[in-house]
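A.B. asks: Supplied in structure tokens, the structure appears directly below.
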Amino acid sequence: MYTVRLMRIAFTPRFSFLRGLLLPTLLLAAASTSLHAASPSQLLIYAIDVEGGQSTLLVDTGTHASLLIDTGWPTTDGRDATRIQAAMKDAGITKIDHVLITHFHTDHVGGVPNLVAHVPVGEFIDHGENREDSDITRHDYAAYLKAIEGHPRRIVHPGDTIKIPGLEAIVLTADGEHIAAVPGVKPVANPLCATEPHWDLDTTENPRSTGVLIRFGKFRFLDLGDLTKAKEIPLVCPSNLIGAVDLYLVNHHGFNLSNSRAFVDAIHPRVAIMDNGAHKAGSPEAWQTVHDSPGLEDLWMLHTAEDSDAAHNSAENLIANPKGATTDGAWLKVIASPDGSFSVTNARTGQTKDYPRK
């Protein structure tokens, strides 16, 4: 609902003919102004089901600017590109301004060739050279470079920003390094660091993940790709550099290699989304750590973790693609407002849960 207020304009008899010309224009202008005031810009976030990989689409409804974080798997039928396009259609966009590749594992970068074959893309963003010495990752990296030929490519470092009208996207991690300080965040000592075990650094691409903090007014969203425990800890120990977040995309799909307690409790998420697959990640230990984080209101999941048990899965209404569902591909859609309030909609059920501003 909106109200149109007309300006009171006096027309003399000499100029009364202008009434018929001006009133429709004034009505349209007034309606447009009121509609704009009643519909402020919102941030849409789609956790797209790519069956245990990652693909997360962010769209500012005011500017229509977009950021896609990762592209899912390579498939002969282009399944994940099709699912990305469905989310784009729902968001009302026909192109993607920025594609951020967190790292060069198949479930994150493999969908790029299918994506560029069907979707106009502005630029690609990544952490630079592949650092993993494995045949499949070298292959995926080469396929990525070939697919993005002719597109701008930007290599980012901690502290860089991704310019997206309406949003603030700060690079926290990239190529194994992390930001020294986050603008506007006062570091706070983290008492959990004293009891956090030492975690060895693995030699895969995971700890090289490019991670970002998205700020939209008072709303804060954290996505660190597949960052593992050894690289999570420097972000919160000895002091928490990130602060609290409203929405946390659970690191590494909910694998135990990630989601250390000192990290998860420090960022104090209000809501978490786990982009696990039916038989990938959603590990009981990681699920429990996130679930038990102080102040967490809900842990949403893209799939039932079928290799886990009922005690380490969320309630079915919080799962987009539960065990036994006839089809997969349902997303979780977040709509955030600048005042910090947001909602999560389960595309399978059509049900929405609201999280009022605090």
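Please treat every number below as a calculation from the coordinates, not as lab data. Every value quoted in this text rests on a predicted model; they were computed, and no experiment measured them. Quick reminder, even Gly has a Cβ in these numbers, built from the backbone with ideal geometry, and neighbours come from all protein chains shown.
A.B. asks: Before anything else, pin down the relative contact order of the stretch 59-135: Cα pairs under 8 Å, at least 6 apart, normalised by residue count, whole percent.
C.D. replies: So the answer I get is 36 percent.
A.B. asks: For the stretch 98-187, calculate the relative contact order in percent as a whole number, restricting contacts to Cα pairs under 8 Å that are 6 or more residues apart.
C.D. replies: Across the stretch 98-187, relative contact order equals 25 percent.
A.B. asks: Sticking with this one: Would you mind checking the pairs K95/K280; K218/K280; K186/K280; K323/K353 and listing those with alpha carbons more than 27 angstrom apart?
C.D. replies: Violating the 27 Å limit, Cα to Cα: K95/K280; K218/K280; K186/K280.
A.B. asks: When the scattering of the stretch 157-255 is computed by the Debye formula from its Cα atoms alone, each counted once and equally, what is log10 I(q)/I(0) at q = 0.10 Å⁻¹?
C.D. replies: Computed log10 I(q)/I(0) values: -0.26.
A.B. asks: Charges at C-beta only: +1 for Lys and Arg, -1 for Asp and Glu. How large is the resulting dipole of the chain about its Cα centre, in Debye rounded to 20?
C.D. replies: Once rounded to the nearest 20, the dipole reads 2280 debye.
A.B. asks: A further question follows. D292 to D202: FRET efficiency via 1/(1 + (r/R0)^6), r the Cβ-Cβ distance, R0 22 Å, to the nearest 0.05?
C.D. replies: Given R0 = 22 Å and the Cβ-Cβ separation, E is 0.30.
A.B. asks: Kindly state, to the nearest 0.05, the FRET efficiency for V188 paired with E306, given R0 = 41 Å and r defined as their beta-carbon distance.
C.D. replies: 0.60
A.B. asks: Spelling out what I want: for every residue of the stretch 186-202, take phi, set θ = phi - 60°, compute 6.51 cos²θ - 1.76 cosθ + 1.60 (Karplus), and round to whole Hz; glycine and proline get x.
C.D. replies: 8, x, 10, 4, 10, x, 6, 4, 5, 10, 6, x, 7, 10, 6, 7, 7
A.B. asks: While we're here: Within the chain, what percent of beta bridges assigned by DSSP are antiparallel, to the nearest 5?
C.D. replies: 65
A.B. asks: Ranking request for peptides 304-313, 280-289: highest mean number of other beta-carbon atoms within 10 Å first, then the rest in descending order.
C.D. replies: 280-289, 304-313
A.B. asks: Calculate the tail of P(r) for the chain: the fraction of all Cα-Cα distances greater than 26 Å, expressed in %.
C.D. replies: So the pairs more than 26 Å apart make up 50 percent of the total in the chain.
A.B. asks: Continuing with this model, one more query. Please give the peptides 65-73, 292-300 ranked by average Cβ packing (other Cβ atoms within 10 Å per residue), highest first, as a rough proxy for protection.
C.D. replies: 65-73, 292-300
A.B. asks: Could you work out the relative contact order of the chain? I mean the mean sequence separation of Cα pairs under 8 Å and 6+ apart, divided by the number of residues, in percent.
C.D. replies: Worked out over the chain, it gives 13 percent.
A.B. asks: With a cut-off of 18 Å, note down the residues of the stretch 67-101 whose backbone N falls inside the zone around a label point 7 Å from the Cα of S343 toward its beta carbon.
C.D. replies: Taking a point 7 Å out along Cα→Cβ of S343, the residues of the stretch 67-101 whose backbone N falls under 18 Å are 90-92.
A.B. asks: Additional query: If each DSSP helix of 4+ residues adds -39,500 (n - 2.57) and the sum is divided by the residues in the chain, what number results at 222 nm, nearest 500 deg cm²/dmol?
C.D. replies: -6500 deg cm²/dmol
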